[in-house]
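Structure first, commentary second.
The values are calculated or read from the model by the stated rules, or taken from the named source; none is laboratory data. Worth saying up front: this structure is predicted, and the values here are computed from it rather than measured. Cβ: placed from backbone, ideal geometry, glycine included. Neighbour counts: every protein chain shown.
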Amino acid sequence: MSAGLKKYIRSVKDFPKEGIMFRDITTLLKDPEAMKITLDKLYEYAKNLNITKVVGIEARGFIFGALLAERLGVGFVPIRKPGKLPAQTESVTYDLEYGTDTIEIHKDAINIGERVLLHDDLLATGGTAKAAASLIENIGGEVAQISFIIELTFLHGREKLQNYDVKTLVEYESED
């Protein structure tokens, strides 16, 4: 855990809708020292796992996902919303609190047996990360670790990911 990073994360009340406290990493991103600390800590979690690909979830997962891939000396793969990837895709639809959502990955993005680090900026309910892990596994990859900068522990998203090695840097125990 890195409670010191919390001071670089802005909390925005009632965004994107009333009653939500949005945890904004753009304030962390604009500070080079905070970015370095974040990348160093995420890298420390993954450096000995024999990762062969890093997968980032649209959109904020792309930022540190790509940086981690470069640091680990491996390729980066994006998971995106439908219709954003130009070649043949694999998709998965998953439940949200109200409705469903779908994410996609290129079918040829990961070779069978590759060890994958899945990264996103924030773990809330775990639905998107669980769907992304399923996508990786559906095309033959092995999810070696899932990393996040922020975890909203009060939403219990880690429970959906209990079969995975989950790492986070900053925890929030309530909306406040």
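Within region 95-140, can you find the residues that are more than 30 Å from LYS6 (Cα to Cα) and in contact with a helix residue (DSSP H, G or I) (Cβ under 7 Å, 6 or more places away or on another chain)? Hits for region 95-140 are ILE105, ILE110. Give the residues of region 100-121 that are loosely packed, with under 14 Cβ neighbours inside 10 Å and at pLDDT 95 or above, sorted by residue number. Across region 100-121, the qualifying residues are THR102, ASP108, ASN111, ILE112, GLY113. Could you tell me whether ALA87 is surrounded by 18 or more Cβ atoms within 10 Å (Cβ to Cβ) and modelled with pLDDT of 95 or more? No; evaluated as a whole, the condition is false for this residue.
For ALA124, the test of being crowded, with 17+ Cβ neighbours inside 10 Å, at pLDDT 95 or above and under 23 Å from THR168 (Cα atoms) is failed. Selection of region 112-126 for residues being closer than 28 Å to MET21 by Cα and touching a residue at least 40 places away in the same chain (Cβ under 8 Å) yields LEU117, LEU118, HIS119, ASP120, ASP121, LEU122, LEU123.
Each residue in region 90-99 was checked for being of a type in the set (Asp, Glu), surrounded by fewer than 16 Cβ atoms within 10 Å (Cβ to Cβ) and part of a strand (DSSP E or B), and 1 of them qualify.
When PRO78, PRO86 are screened for being part of a loop (DSSP other than H, G, I, E, B) and on the phi < 0 side of the Ramachandran plot, only PRO86 passes. Scanning region 1-55 for residues that are among the aromatic types (Phe, Trp, Tyr) and within 26 Å of ALA133 (Cα to Cα) yields PHE22, TYR43, TYR45. Looking across region 135-149, the residues that are within 16 Å of LEU122 (Cα to Cα) and surrounded by 22 or more Cβ atoms within 10 Å (Cβ to Cβ) come down to ILE146, SER147, PHE148, ILE149.
Counting only strands (runs of 3 or more DSSP E) that fall entirely inside region 1-72 and contain at least 3 residues that are surrounded by 14 or more Cβ atoms within 10 Å (Cβ to Cβ), the qualifying elements are 21-24, 53-57.
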